[in-house]
Number of protein chains: 2
Amino acid sequence: MPVDRNSPIGVFDSGIGGLTVVREIMRNLPSESIVYFGDTARVPYGSKSAETITRYSEQICRFLIGKQVKAVVVACNTASAFALEAVQKEFSIPIIGVIRAGAEVAASSTRNGRIGIIGTEGTIGSGIHASFLKKLDPKIEVIGKACPLFVPLAEEGWTHDPVTEEVARRYLAELKSQNIDTLILGCTHYPLLRSTIRKVMGEGVQLVNPAYETALELKQLLKERNLECEADPQAEPEYRFYVSDLADKFRHFANTILPYDVPLTKKINIERY
Amino acid sequence: MPVDRNSPIGVFDSGIGGLTVVREIMRNLPSESIVYFGDTARVPYGSKSAETITRYSEQICRFLIGKQVKAVVVACNTASAFALEAVQKEFSIPIIGVIRAGAEVAASSTRNGRIGIIGTEGTIGSGIHASFLKKLDPKIEVIGKACPLFVPLAEEGWTHDPVTEEVARRYLAELKSQNIDTLILGCTHYPLLRSTIRKVMGEGVQLVNPAYETALELKQLLKERNLECEADPQAEPEYRFYVSDLADKFRHFANTILPYDVPLTKKINIERY
């Protein structure tokens with residue numbers, strides 16, 4: 001069956017973090033419709049195993065493909081690290097993650113070849129950013145640090161807060177002492193803490209937000225495959241939001257992140273897919 | 001089929017927190033064998049809905065009953081608040097939660113009738129402790145406060161830490177100003193933060209750990225129903241641990257909490273139950 005270029009793009013994450021990627025897609029591909037899935041019944045992914053995250057990602061891809069999406073963005077670093085290859089093999093539509101684009105920008109913009117990466121335990125433990133960066137330039141030094149409390153702090157709404165700043169100082173001390181000049185925000189929640197991370201790291205360190213880079217990678221991919229939406233550019237794209245739990249709470253949070261009023265979020269049982 | 005009184009007791013939690021209950025059962029019912037399940041693939045429960053937590057609890061009870069347990073302890077306050085009645089109706093073996101016993105002790109030990117309760121968003125939002133306490137004594141005033149960062153702080157191992165103390169000061173300020181004399185630790189993780197909570201609340205406030213009270217309630221229940229283990233008191237009870245993810249990490253954590261060396265933890269797919 002040929003893919004309909006006016007079909008929506010599927011985007012998924014463990015919960016709300018992927019909305020920072022949705023925000024960049026809305027800004028940079030304003031004609032494209034989006035179907036988003038947030039796995040709020042099984043969030044977080046960062047402290048779970050590769051096998052479990054792969055099973056969850058497969059279920060979600062089956063759900064999104066059932067919604068006739070033309071491509072999928074895995075808007076979660078942990079799922080991108082653990083499950084991207086598996087879902088790319090299993091499904092025939094194009095699927096991209098959030099890791100490659102950020103790694104490429106970091107590699108091309110570092111001046112001293114010392115790049116830091118922060119993320120969940122799963123993402124950092126996978127070593128996947130280092131592996132991408134070393135392929136781009138074997139001389140690059142990569143220093144990774146897991147920051148398990150950043151996600152709950154962002155979800156608590158303590159984004160500009162002395163406690164968050166103290167936690168950031170502790171987590172980031174090692175990266176600061178290692179003289180990095182570029183830092184990849186390797187978890188889709190972390191852009192929400194950007195100003196605190198910037199304050200702690202100082203102006204001399206460039207922060208890379210893979211959400212923006214991923215939106216540009218998606219734009220390029222759709223162009224290359226003749227999958228760009230042909231709809232009237234004046235027509236409103238359609239945005240649909242699904243979650244596995246707490247639809248109202250998700251919608252409330254989504255409305256604080258997105259430049260768009262989320263009218264409805266639907267709850268589904270993802271374990272059935 | 002008659003229940004075998006030498007069968008094990010089933011205990012479950014969203015993850016590791018329920019081990020504080022297992023510890024009390026081991027101490028107070030030393031002959032009883034235990035089958036523990038920690039839902040580490042879907043942890044945490046505290047920020048999820050009643051419907052989802054009930055579905056998860058039903059799956060886990062089916063798993064435990066398949067292991068021939070003679071009774072089940074729901075060693076998670078959120079699951080006790082949301083799902084206890086449903087599983088008690090659905091299954092024929094005795095099932096108890098962790099809320100009633102703690103509420104009874106708090107009610108009998110308060111002098112000024114002002115009781116605080118801390119827990120997850122789900123537990124506090126359910127109002128279940130207040131409802132139990134008001135039934136025991138309608139004059140009791142109950143002040144609840146959700147502390148969403150306590151679980152990730154305990155799991156990060158920051159149990160004696162200035163950051164945790166600052167978070168505790170902020171969460172507990174309202175309870176302190178309300179002149180409570182008794183505080184229920186309404187989440188099975190919180191006994192791990194007991195010394196920090198004590199430091200912030202001061203010696204004048206009695207902390208109630210429902211894990212201990214629940215072990216005593218279980219002992220009484222087994223006695224009343226003639227379900228106490230008849231094995232040779234010198235014989236070693238059998239302890240088995242199952243999780244839905246990251247068995248090794250769980251085992252490592254369990255070994256820091258339990259007065260017993262956990263030799264093996266087995267991973268199972270709970271979604272199939």
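The values are calculated or read from the model by the stated rules, or taken from the named source; none is laboratory data. All figures in this text were calculated on a predicted structure; none of them were measured in a lab. Note that each Cβ is placed from the backbone with ideal geometry, even for glycine, and that neighbours are counted across all protein chains shown.
Does the stretch A:112-130 contain any residue that is within 27 Å of A:CYS229 (Cβ to Cβ) and surrounded by fewer than 24 Cβ atoms within 10 Å (Cβ to Cβ)? Within the stretch A:112-130 (the criterion being within 27 Å of A:CYS229 (Cβ to Cβ) and surrounded by fewer than 24 Cβ atoms within 10 Å (Cβ to Cβ)), the answer is no, since none of the residues qualifies.
Look through the stretch A:157-189, keep the residues that are among the hydroxyl-bearing types (Ser, Thr, Tyr) and touching a Cys at 6+ places or on another chain (Cβ under 9 Å), and return whichever of them is nearest to A:ILE118 (Cα to Cα).
A:TYR171
Return a yes/no flag: does the stretch A:198-211 have any residue that is among the β-branched types (Val, Ile, Thr), within 24 Å of A:PHE12 (Cα to Cα) and modelled with pLDDT under 95.
no
Does the stretch A:17-40 hold any residues that are farther than 22 Å from A:GLN68 by Cβ and surrounded by fewer than 24 Cβ atoms within 10 Å (Cβ to Cβ), and which are they? Passing the criteria: A:ARG23, A:GLU24, A:ARG27, A:ASN28. Report yes if some residue within the stretch A:135-152 is in the same structural domain as A:SER33 (by TED's automatic domain parsing), touching a Ser or Thr at 6+ places or on another chain (Cβ under 9 Å), surrounded by 18 or more Cβ atoms within 10 Å (Cβ to Cβ) and not β-branched (Val, Ile, Thr); otherwise report no. No.
B:ILE184: among the hydrophobic types (A, V, I, L, M, F, W, C), in the same structural domain as B:HIS129 (by TED's automatic domain parsing), out of contact with any Leu (no Cβ under 7 Å at 6 or more places or on another chain) and closer than 22 Å to B:PHE12 by Cβ, yes or no? Criteria met by B:ILE184. Restricting to the stretch A:127-156, and then to whatever is of a type in the set (Lys, Arg) and more than 19 Å from the chain's Cα centre (by Cα), can you tell me which residue is farthest from the other protein chains (Cβ to nearest Cβ)? Filtering the stretch A:127-156 for residues that are of a type in the set (Lys, Arg) and more than 19 Å from the chain's Cα centre (by Cα), the one farthest from the other protein chains (Cβ to nearest Cβ) comes out as A:LYS139.
How many residues are surrounded by 15 or more Cβ atoms within 10 Å (Cβ to Cβ), without any contact (Cβ under 8 Å) to a residue 60 or more places away in the chain and touching a strand residue (DSSP E or B) at 6+ places or on another chain (Cβ under 9 Å) if we restrict to the stretch A:177-196? Going through the stretch A:177-196 one residue at a time, the tally reaches 1. Would you check if there is a residue in the stretch B:50-58 being of a type outside the set (Ser, Thr, Tyr), buried (at least 24 other Cβ atoms within 10 Å of the Cβ) and in contact (Cβ under 8 Å) with a residue 40 or more places away in the chain? Yes, there is a match, as at least one residue in the stretch B:50-58 is of a type outside the set (Ser, Thr, Tyr), buried (at least 24 other Cβ atoms within 10 Å of the Cβ) and in contact (Cβ under 8 Å) with a residue 40 or more places away in the chain.
Of note, B:LYS139 does not satisfy the criterion of being among the basic types (Lys, Arg) and closer than 26 Å to B:LYS223 by Cβ. With respect to B:ALA247, determine if the residue is closer than 30 Å to B:GLY113 by Cα and within 14 Å of chain A (Cβ to nearest Cβ). So B:ALA247 fails the test.
Here A:THR159 passes the criteria (1) within 14 Å of chain B (Cβ to nearest Cβ); (2) part of a loop (DSSP other than H, G, I, E, B); (3) buried (at least 21 other Cβ atoms within 10 Å of the Cβ) except the one numbered (3). Here is a list: B:ALA107, B:ALA50. Which entry is within 14 Å of chain A (Cβ to nearest Cβ) and closer than 28 Å to B:GLU141 by Cβ? Residue meeting the stated conditions: B:ALA50. Of the residues making up the stretch B:176-206, those that are within 21 Å of A:PRO162 (Cβ to Cβ) and of a type in the set (A, V, I, L, M) are B:LEU193, B:ILE197, B:VAL200. The single residue among A:ALA81, A:ALA86, A:ALA75, A:ALA71 that is touching a Gly at 6+ places or on another chain (Cβ under 6 Å) and away from chain B (no Cβ under 14 Å) turns out to be A:ALA75. Quick one: in the stretch A:162-198, of everything that is of a type in the set (Gly, Ala, Ser) and within 23 Å of A:GLY18 (Cα to Cα), which residue is farthest from the chain's Cα centre (by Cα)? The qualifying residue farthest from the chain's Cα centre (by Cα) is A:ALA168. Does B:GLU24 satisfy being within 14 Å of chain A (Cβ to nearest Cβ) and either in a helix (DSSP H, G or I) or at pLDDT 95 or above (or both)? In short, no. Right, A:GLY102: under 20 Å from A:PHE132 (Cα atoms) and either of a type outside the set (Asp, Glu) or modelled with pLDDT under 95 (or both) or not? Here the answer is yes, as A:GLY102 does meet what is asked. Which of (1) out of contact with any Leu (no Cβ under 9 Å at 6 or more places or on another chain); (2) of a type in the set (A, V, I, L, M, F, W, C); (3) within 11 Å of another protein chain (Cβ to nearest Cβ) is the odd one out, the single condition A:ILE34 does not satisfy? For A:ILE34, the exception is condition (3).
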